[in-house]
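Undergrad: Below is one structure. I have some questions about it.
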Amino acid sequence: MSKKILLEHINVPGIETLEVYRSKGGYSSVEKALKTMTQDAIVEEVKKSGLRGRGGAGFPTGMKWSFLAKPEGVARYLVCNADESEPGTFKDRYLMEKIPHLLIEGMITSSFALGANTSYIYVRGEYFYIIKILEKAIDDAYKAGLLGKNILGTDYSLDLHVQAGAGAYICGEETALLESLEGKRGNPRIKPPFPAIAGLYACPTIVNNVETLAAVPSIVNNGGEWYAGIGIGRSTGTKLISASGHINKPGVYEIEMGITVEDFIYSDEYCGGIKNGKKLKAVVAGGSSVPILPADLILTTANGEKRLMSYESLADGGFASGTMLGSGGFIVMDETTSIVENLYTFARFYHHESCGQCSPCREGTAWMEKILHKIKDGHGTLADVDLLWEIQSKIEGNTICPLGDAAAWPVASAIRHFKAEFEDYVKNPSSISKVKHYHNMNNLATA
Amino acid sequence: MANITIDGQTIEVADGTTILQAARMIGPEVAPPTMCYYSKLKTSGGYCRTCLVEVSKGSEKDPRPMPKLVASCRTAVMDGMEVKNITSAKVIEARKSVVEFLLINHPLDCPICDQAGECHLQDLGYEHGSAKTRTDFERRTFEKIDIGPKIQLHMTRCILCFRCVKVAEQITDGRVHGVMNRGDVSEISTYIEQAIDNDFSGNIIDVCPVGALTDKTFRFKSRVWFTKPMNAHRNCDKCSGKAVIWYKGDDVARVTGRKDQWGEVEEFICNTCRFDKKLTSDWTIEGPKEISHQSVISANHYPANMVKPRELTLNNIKPITLIAGEIK
Ligand SMILES: Cc1cc2nc3c(=O)[nH]c(=O)nc-3n(C[C@H](O)[C@H](O)[C@H](O)COP(=O)(O)O)c2cc1C
Ligand code: SF4
Ligand code: SF4
Ligand code: FES
């Protein structure tokens, strides 16, 4: 068994309750931080830990925290991003449902480090039952003196609120989230200014993912160096992976960064291999936004090295032959999967979720969906495939927020690695309507 | 102060100036086109992406180029910054795509659109777009709605520039409209149909770059190029009273704000001036409004010698730009 940090106690009965959580050492980081450490010392430990944001971008958390502006007399906020709406990603849900106090502990310790006296958890609206779980846990924490005025008898006070989103993926983008939290339409803001300078109610704000904040207690308890010793290179610590698709054991796994992709897919400790003895065709390794890779490239890099579950290894080769760790939504597709159908589904999603503020994303996502619909139904032309490529390239990098990129990358990578399949859809429409699933033997793994 | 070079031309500007403002100071030959930015409206810009430019040198301190094209209307200059607008192939390409994106759902009903002849989307398409469309999908359509007695909203033509929303927020006493829904079905709407009716609501017509918001008192009265614009003023207790009155024959066909070189009004005017003062006797006429010779509006109106030779040499002047100022 590899290292478990976040999910160490996940199977302890009653771990969702305050009593059991505390009996397993829960909230000790709050005690340690508030009573023995300065704010700067905590930020320093988080820097040393090498912890990187688990929401998708992988930005170093300690560095982000050190950017927080601290003007005299102005409130600061910590906002937890629990909007988790990226297709293929469901790790935050698992964490909040099973061990809600870990997030709350992380938020108290982190809020103290940042000097925030009011903090928010912005939860995806569809997670309504989780909102209840969090509210109960927060309630219990208040009663135990872990939240509210003078926490554990110190002069630090913190109020923690849960806010439900209303069903928009874009509200996971941090500035759209802040707009929504302020009660406005969830449109991403034009940056700069960044939230660390002017965020919630124009005050300095840090937005962090659930998993990021849940890693803070262990860093405070054991020190940044301890955390940095886990994992590989600049991918320190452990990462939750939401594994889904054609595998024997879908679910949420905590991995130590640096295990091989092959191990993750095929070992019984994790995915347990491809379902029904089928062959692996492709993987979307980090949530729907990241480039899809065919079996050979997800298992080994273009240089022939084994690909690892880490920020660097998954990105090896750039977009030509690599992908991204993203939020860790690991979607496995077997040989029966139609890349075109799958891409159509993704494209439909991004079209539906575009906020519509900027023209390339608003119009481009809708256009790509229409073209893919045409191709998948067997009415496409070769020119349509070229046009798709052209459209995605004109969305990428030209939009206000990264949703435009997130919509473009799946299209680009599917065409890059599976162009033959698109051409087949165009050239042999009759065969598509007969078989529901598309077979492309050339791209199958031999593993 | 910061020194910034745009397409090889250097200018010194105050800190906090945007690339776009600096480019406009240099002149129309380097100024990127804009569809959503409006100098008189705070927080405008950033949406349409027509003003994207390439920053080939970030600043003197950090000379690295910026990895992506940036919206010039929302990016502040840095000392030593070097920007490529029309000298960047990437910018030209991206701009062409933005035009395409803006047009794939546009009805292209210019022949029956009141805005034709003074439409920024027409100019943009003409200068930066391509002659052919690459889509044959059905275009998005909406019902026309009357928002109040004087203004019609033809959402099908809207490019979602947010200018009218910002006008309502910043210069009227209550915003009752905004953007509903999201993505490509976003629409400007009052949600539950209601009138946008206050003393300054008419300005949403002037800021609308396309024919989505039109003046019902002028609808279908005339093509703009058959009207003659005159600078005029009146004593008004609500606004400056400085406007342009557009004659069709001897009748005042419509009244608008005075637009500058960039097609943006100099001052917002009130609805009384705009909608209710349609007699010559209501106004003190100052003289003809200078119109860029390239504008279709100027056709046949003024003697050829009014065209300044300088303008003739600049082929980058937007054809339908109204130039404010006295005629010499
Ligand atoms: C369209 C879009 C959706 C996003 N959704 C989420 C999300 O659901 N959860 C999340 O933590 N981050 C999401 N992000 C990333 C956030 O903007 C932000 O980078 C993140 O919350 C920062 O936290 P971290 O540094 O701890 O990762 C999204 C970004 C984009 C562009
Ligand atoms: S990229 Fe898409 S989601 Fe992001 S601001 Fe632009 S339209 Fe909205
Ligand atoms: S109606 Fe006109 S001004 Fe308003 S958003 Fe649409 S195009 Fe812009
Ligand atoms: S004018 Fe700059 S983005 Fe629209």
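Undergrad: Could you name the lysines whose alpha carbon sits less than 21 Å from that of A:LYS149, not counting residues in the same chain fewer than 8 places away?
TA: A:LYS32, A:LYS35, A:LYS136
Undergrad: What is the distance in Å between the Cα centres of the range A:72-121 and the range B:241-285?
TA: Centre-to-centre distance over Cα atoms comes out at 55 Å.
Undergrad: Between the range A:320-376 and the range B:33-99, how many Å separate their Cα centres?
TA: Comparing the Cα centres of the range A:320-376 and the range B:33-99, I get a distance of 28 Å.
Undergrad: Taking the Cα centre of the protein assembly as shown as origin, work out the dipole magnitude from +1 charges on Lys and Arg Cβ and -1 charges on Asp and Glu Cβ, in debye rounded to 20.
TA: On the way: 89 positive and 93 negative charges, 180 e Å.
Charge dipole of the protein assembly as shown: 860 debye, to the nearest 20.
Undergrad: Also, I was wondering about something else. For B:73-83, what's the mean count of beta carbons from other chains sitting within 10 Å of each residue's beta carbon? Can you show the working numbers first?
TA: Working: counts 1, 4, 2, 1, 0, 0, 0, 0, 0, 0, 0.
Going residue by residue through B:73-83 and averaging, the value is 1.
Undergrad: Projected area of the range A:359-425, taken from the Cα convex hull and averaged over every viewing direction, in nm²? Write down the numbers at each step before the final one.
TA: Details: hull surface 15.5 nm².
Taking a quarter of the hull surface, the average projection is 3.9 nm².
Undergrad: Please report the net charge: other residues with Cβ closer than 11 Å to the Cβ of B:GLU60, K and R +1, D and E -1.
TA: Details: positive: B:LYS57, B:LYS61; negative: B:ASP62, B:ASP79, B:GLU82.
It works out to a net charge of -1.
Undergrad: Quick one: which of B:LYS166/B:LYS238; A:LYS419/B:LYS90; B:LYS216/B:LYS238; A:LYS394/B:LYS228; A:LYS48/B:LYS84; A:LYS64/A:LYS239 span more than 30 angstrom between C-alpha atoms?
TA: Numbers: B:LYS166/B:LYS238 20 Å; A:LYS419/B:LYS90 25 Å; B:LYS216/B:LYS238 21 Å; A:LYS394/B:LYS228 41 Å; A:LYS48/B:LYS84 40 Å; A:LYS64/A:LYS239 19 Å.
Cα-Cα > 30 Å for A:LYS394/B:LYS228; A:LYS48/B:LYS84; rest within.
Undergrad: In Å, what Rg and Dmax follow from the Cα atoms of the range B:103-220?
TA: When restricted to the Cα atoms of the range B:103-220, Rg and Dmax are 14.3, 44 Å.
Undergrad: Between A:LYS278 and A:ALA41, what FRET efficiency follows from the Cβ-Cβ distance if R0 is 51 Å, with the result rounded to 0.05? Don't skip to the answer; put the middle values down first.
TA: Working: r = 52 Å, r/R0 = 1.02.
Working from the Cβ atoms, E equals 0.45.
Undergrad: Let me check I've understood the local charge: for A:PRO188, count other residues with C-beta under 10 angstrom from its C-beta, Lys and Arg +1, Asp and Glu -1. What total comes out?
TA: Details: positive: A:ARG189, A:LYS191; negative: A:GLU173, A:GLU174, A:GLU179.
The answer is -1.
Undergrad: Now for a separate question. Let me check the size of chain A from its C-alpha atoms; what are the radius of gyration and Dmax in Å?
TA: So, for chain A, Rg and Dmax equal 22.3, 74 Å respectively.
Undergrad: Further, regarding this structure: Could you work out, for the range B:1-110, what percent of all Cα-Cα pairs fall into each 5 Å distance bin, beginning at 0 Å and stopping at the bin that holds the largest distance?
TA: Spelled out per bin, shortest first, that is 2, 13, 23, 25, 18, 10, 4, 2, 1, 0.
Undergrad: What residues of the range B:180-216 lie in the reach of a label at B:ASP146, counting those whose backbone N is under 15 Å from a point 7 Å from the Cα along Cα→Cβ?
TA: Answer for this model: B:193-197, B:214-216.
Undergrad: Then there is this: What is the gain in length, in nm to one decimal, between A:ASP386 and A:ALA57 on full extension, counting 0.36 nm per residue of separation less the C-alpha to C-alpha distance?
TA: Working: separation 329, 0.36 × 329 = 118.44 nm, distance 2.92 nm.
Fully extending the segment from A:ASP386 to A:ALA57 adds 115.5 nm.
Undergrad: In percent, how large is the relative contact order of chain A, given Cα pairs closer than 8 Å and 6 or more residues apart?
TA: Values: 933 pairs, mean separation 70.7, N = 447.
Over chain A, the number comes to 16 percent.
Undergrad: Which entries of B:LYS221/B:LYS277; A:LYS184/B:LYS144; A:LYS249/A:LYS278; A:LYS24/A:LYS98 show an alpha-carbon separation above 21 angstrom in the structure shown? Before the final figure, lay out each step's value.
TA: Details: B:LYS221/B:LYS277 16 Å; A:LYS184/B:LYS144 27 Å; A:LYS249/A:LYS278 14 Å; A:LYS24/A:LYS98 14 Å.
Going by Cα-Cα distance, A:LYS184/B:LYS144 fall outside the 21 Å limit.
Undergrad: Let me check against my output: what whole-number percent is the relative contact order of chain B, with C-alpha pairs under 8 Å and at least 6 apart?
TA: It rounds to 14 percent for chain B.
Undergrad: Hey, could you get me the Stokes-Einstein D for the range A:18-229, Kirkwood radius over alpha-carbon pairs, 10 °C and 1.306 mPa s, rounded to whole µm² s⁻¹?
TA: On the way: Rh = 16.9 Å.
The calculation lands on 94 µm²/s.
Undergrad: Right, another one. Can you sort A:ARG22, B:ARG49 so the residue with the fewest Cβ neighbours within 10 Å comes first?
TA: Numbers: A:ARG22 15, B:ARG49 28.
Lowest count first: A:ARG22, B:ARG49.
Undergrad: Between B:TYR191 and B:CYS110, what is the label-point separation in nm under the 7 Å Cα-to-beta-carbon projection?
TA: Calculated label separation equals 3.7 nm.
Undergrad: Let me ask another. Report relative contact order for the range B:2-89 in percent, whole number only (criteria: Cα-Cα under 8 Å, sequence separation at least 6). Please list the in-between numbers first.
TA: Values: 181 pairs, mean separation 33.1, N = 88.
For the range B:2-89, the relative contact order is 38 percent.
Undergrad: All other residues with a Cβ under 14 Å from the Cβ of A:MET96 taken together, and with Lys, Arg as +1 and Asp, Glu as -1, what is their net charge? Walk me through the numbers on the way to the answer.
TA: Values: positive: A:ARG54, A:LYS91, A:ARG93, A:LYS98, A:ARG124, A:LYS132, A:LYS136; negative: A:GLU16, A:ASP83, A:GLU84, A:ASP92, A:GLU97, A:GLU105, A:GLU126, A:GLU135, A:GLU211.
Every neighbour counted, the sum reads -2.
Undergrad: Let me ask something else about it. Along the range A:272-289, what does the Karplus equation 6.51 cos²θ - 1.76 cosθ + 1.60 (θ = phi - 60°) give for ³J(HN,Hα), rounded to whole Hz, x for Gly and Pro?
TA: x, x, 7, 5, 6, x, 7, 9, 6, 10, 7, 9, 9, 8, x, x, 3, 6
Undergrad: Okay, moving on. Of all beta bridges DSSP finds with both residues in the protein assembly as shown, what is the antiparallel percent, to the nearest 5? Don't skip to the answer; put the middle values down first.
TA: Numbers: 56 of 80 bridges.
Once the DSSP bridges in the protein assembly as shown are tallied, antiparallel ones form about 70 percent.
Bear in mind these aren't lab numbers, they're just calculated from the coordinates by the rules spelled out. Owing to the predicted nature of the structure, the values given are computational and were not obtained by experimental measurement. Cβ coordinates were reconstructed from backbone atoms using ideal geometry, including for glycine residues, and neighbour counts include every protein chain displayed.
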